[in-house]
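What follows is a single structure, written as C-alpha cells, with notes after it.
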There are 2 protein chains.
Amino acid sequence: MSILAVGSIAFDSIATPSGRVENILGGSATYFSLAASYFTQVRVVAVVGEDFAAEHESVLKKRGIDTRGIERAKGKTFRWGGQYLDNLNEAKTDFTELNVFERFQPRIPPEYADTEFLFLGNIHPDLQTAVRLEMDKVRLTGGDTMNFWIQGTRPQLVETLKLINVLLINDGEAKMLANERGLPRAAKKVLAMGPQALVIKHGEYGATIFFREGAFGIGSHPFRAPALPIEEVKDPTGAGDSFAGGFMGYIASQPEINREVLKRALFYGGVMGSFAVERFGTERLQSLTRDEIEGRFQVFRELTHLG
Amino acid sequence: MSILAVGSIAFDSIATPSGRVENILGGSATYFSLAASYFTQVRVVAVVGEDFAAEHESVLKKRGIDTRGIERAKGKTFRWGGQYLDNLNEAKTDFTELNVFERFQPRIPPEYADTEFLFLGNIHPDLQTAVRLEMDKVRLTGGDTMNFWIQGTRPQLVETLKLINVLLINDGEAKMLANERGLPRAAKKVLAMGPQALVIKHGEYGATIFFREGAFGIGSHPFRAPALPIEEVKDPTGAGDSFAGGFMGYIASQPEINREVLKRALFYGGVMGSFAVERFGTERLQSLTRDEIEGRFQVFRELTHLG
C-alpha cells in the first residue's frame, strides 16, 4: 500500500558533541519518507526552494520515493540550525528560516488520490485538516504536532485530532495537550479528543502506545517498545520523524491493521529511529538493507523478552 | 536464602499532588526490606532513635523481617522532608535531619554472619566497604550510592565498587560516576570499576541492566525492563529502594544466579517499585500477596512482549 507524507523538507545546520554539519538535507518529510521507504511505496507532498537541486531529490528517488508532490517555489528552502552540545535529548534552536515553507499550501497531485495511508507531519493544523479531507481513499491517518500548535492554535488542532487515527507525539507534548502531569491520564484525555491510538515517544527510553477502549482490538492495555541503548548518538535530528516513518511504513505494508500490527510497528519505529541517530542527517537512512532492519528488530525484541 | 539490607530507617514528611503526610515510616532499608520480604528471608542493619516505637518495628516484623540488627541510639531517628509538587520524577528536599543516622556505624549481629546476599544501601562508601569485608559468607552483593558520595568521596567509592557485584543507580548517577553523557559508554566505564552488572534505573521508563563481558553468562547485551504507566502516582518516595528490594529479593530466592534470573529480577524490581508508588509511604508494600505480585509481573511481561 502506498503512504503519503506531508511535511517539511529543510536544510539543517547541526552541531553535536560528535561534530558539525551545514546545510544538509533534512526536514520531517525527508526523514519520514526515507524510513518508510524500506517498508512500502512512499509519496511526498512538500515545498522546496530554488536551492533544492537534483542531488537532493535523488536522495529520495534512489529510495523509490515518488517526488511528484514536491512543489518548487521561488526563494530558498526552509533552513534550520540547532545544537545538542549540552543535551543529546533536546535540540537548542540557533535559527529558523521558514523561507518558502512559510506559505506552504499542500497541493496533492491527482496521481496521489488513491493513497490509503496518510501521515500529516508537523504543520499548521488547518493544513493537516485540509489535506485529510481531500484524501477520501485514506484508511488510516497518522499525525504529528508540536508545542507551538498546541499553544497557538488549539481550537484548530482539536478539529484536526478528530480526523487522526494515530497521533504520534512526545511526553511533553502529550502532557501539554492534555494539561495533565501523568502520562496515562494525559493519554486518556488525548484519546478522548479523537485518535483511536496515541503513540508517546520517550526518546532514548522508547515509546508507549495507548489504545482507546476497543480500538484495533479488545481491551485498552498500553504497550511499550524499548529503545536500544545506542553506543554513540552522532545526531539526534530526525529521530522522531524516522520513528514515525518506520511505524507508519510497517503498518502500510500489512494486509490488516490490528493491535499486533501496531505493536510490531512500534518496534519498527524504534528500529528506524535508532538507525537515524547513528550518523549525521539522513546518511544512515539512505543505504540500509532489510536484513539490517530485521536484525535490529530482533535485537530490540530480545532486549525486553524473557526466556 | 537470606538477604541483609544495610541502610537508613527514617521518618518522612512528604507532599505530592495527591496529598501530604508527616513523619511516616520510611528510609531506604525499610522500603528495600518490605519489598524483598515477598521473596526471601530479610535481615536489617540500621539505626533508629528513641522515637522509633513498637508500632514502627511491627511493620517490619509483620512481614517476617529479622530486626535484631536495628540499633537503638539516644536521640531522634533520621528525618527527611520533601515534595514532588512540580515534578513527580524528582524530589525537592525541604529538610534533612540526620539525627542518630549521622553517627551510624553498622554493627552486624553474630546471628547474621551466615548471610549469603547483601544489599549495601546508600551510605558512606567506607561503611559499605567495612560491612562487605566483615561478611565472608556473602555470594552476591548489591549496592546503591548517590551524587553526594560520587562527588564528595570518590576515592572511597572506587574502593567500594570493587566489592560490589551489582550496582543499582539512576541515569544521572551513572553519568556522573563515569563522567560520560551517553548511557552505554557510562555503563562500560562503571563496569570497568568493579561491578559485574550495572542496573540503571530510569524512573517511570523502567530500568536497563548492563553486563560486564562474560559475567553471569555469555555476551554483553544489555536488557531492559519497562515500567508500567501508573494511573496515579501518589508518592514516588522509596520507588528506587523498592525496586532494589524486588530485584535483590528475587535473586536471593533462586537456586542459581545467571542472566535469565537477573533479567527476571529486573522485572520484579519494576513490579515492586510500581506497587510502592500507588500509596503514600510503605502502605502498599505492607500487605501485598504473591498473587498480586505475579499478576503484575505478567502485566509487565505483556507490556513489551510481541505475540
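The values are calculated or read from the model by the stated rules, or taken from the named source; none is laboratory data. For clarity, every value in this text was computed on a predicted model and none was experimentally measured. All Cβ positions, glycine included, derive from the backbone under ideal geometry; neighbour counts span all protein chains shown. Quick note on the areas: whole protein, heavy atoms, side chains included, nothing else; ligands and nucleic acids left out. Shrake-Rupley method; radii C 1.70, N 1.55, O 1.52, S 1.80 Å.
Brief remarks on what is shown
- Extent along principal axes [Cα atoms of the stretch B:105-147; Å; largest to smallest]: 32, 21, 12
- Normalising the Debye intensity of chain A to I(0), with uniform scatterers on Cα atoms only, and taking log10 at q = 0.11, 0.16 Å⁻¹ returns -0.60, -1.42.
- Cut-off 13 Å between beta-carbons: net charge of the residues surrounding B:Glu55, Lys and Arg +1, Asp and Glu -1: 0
- The residues neighbouring A:Ala227, those whose beta-carbon lies less than 12 Å from its own, together hold a net charge of +3 under the Lys/Arg +1, Asp/Glu -1 convention.
- Value of relative contact order over chain B, rounded to a whole percent, pairs C-alpha under 8 Å and six or more apart: 17
- Rounded to whole Å, sorted largest first: equivalent-ellipsoid semi-axes of the stretch B:1-158, Cα gyration tensor: 25, 19, 15
- By accessible area, using a 1.4 Å probe on protein heavy atoms only, the stretch A:1-118 has 46% of its surface on carbon and sulfur.
- Average Cα contact separation per residue, the stretch A:50-141, under 8 Å, 6 or more apart, as relative contact order %: 21
- The Rg/Rh ratio of the protein assembly as shown, with both radii computed over alpha carbons and Rh defined as the Kirkwood radius, is 1.02.
- Each semi-axis of the equivalent ellipsoid for the stretch A:158-307 is √(5λ) with λ an eigenvalue of the Cα gyration tensor; in descending order they amount to 25, 17, 15 Å.
- Subset of A:Lys61/A:Lys162; A:Lys61/A:Lys92; A:Lys175/B:Lys92; A:Lys137/A:Lys175; B:Lys92/B:Lys175 violating a 25 Å alpha-carbon distance limit: A:Lys61/A:Lys162; A:Lys61/A:Lys92; A:Lys137/A:Lys175
- Amide H contacts under 5 Å for A:Asn170, placed H, 5+ residues apart: A:Lys201
- Both radii were evaluated on the Cα set of the stretch B:40-124; the Rg over Rh quotient, with Rh as the Kirkwood radius, amounts to 1.01.
- Antiparallel content of DSSP bridges confined to the stretch B:45-160, in %, to 5: 40
- A cut-off under 15 angstrom between Cβ atoms defines the neighbours of B:Gln105, and their net charge, with Lys, Arg +1 and Asp, Glu -1, is +1.
- The convex hull drawn around the Cα atoms of the stretch B:158-246, when projected onto a plane and averaged over every direction, covers 6.2 nm².
- Percentage of interatomic Cα-Cα distances in the stretch B:259-307 larger than 18 Å: 33
- Peptide A:220-229, shielding by other chains (average Cβ, 10 Å cutoff): 5
- A DSSP coil position with no more than 14 other Cβ atoms inside 10 Å describes the following GluC sites (Glu not before Pro) in the stretch A:219-266: A:Glu231, A:Glu232, A:Glu256.
- The stretch A:74-172: trypsin sites (Lys or Arg not before Pro) in DSSP loop, at most 16 other beta carbons within 10 Å: A:Lys74, A:Arg107, A:Lys137, A:Arg139, A:Lys162
- All-pairs Cα distance distribution in the stretch A:90-199, expressed in whole percent, bin size 5 Å: 2, 11, 21, 23, 17, 13, 8, 3, 0
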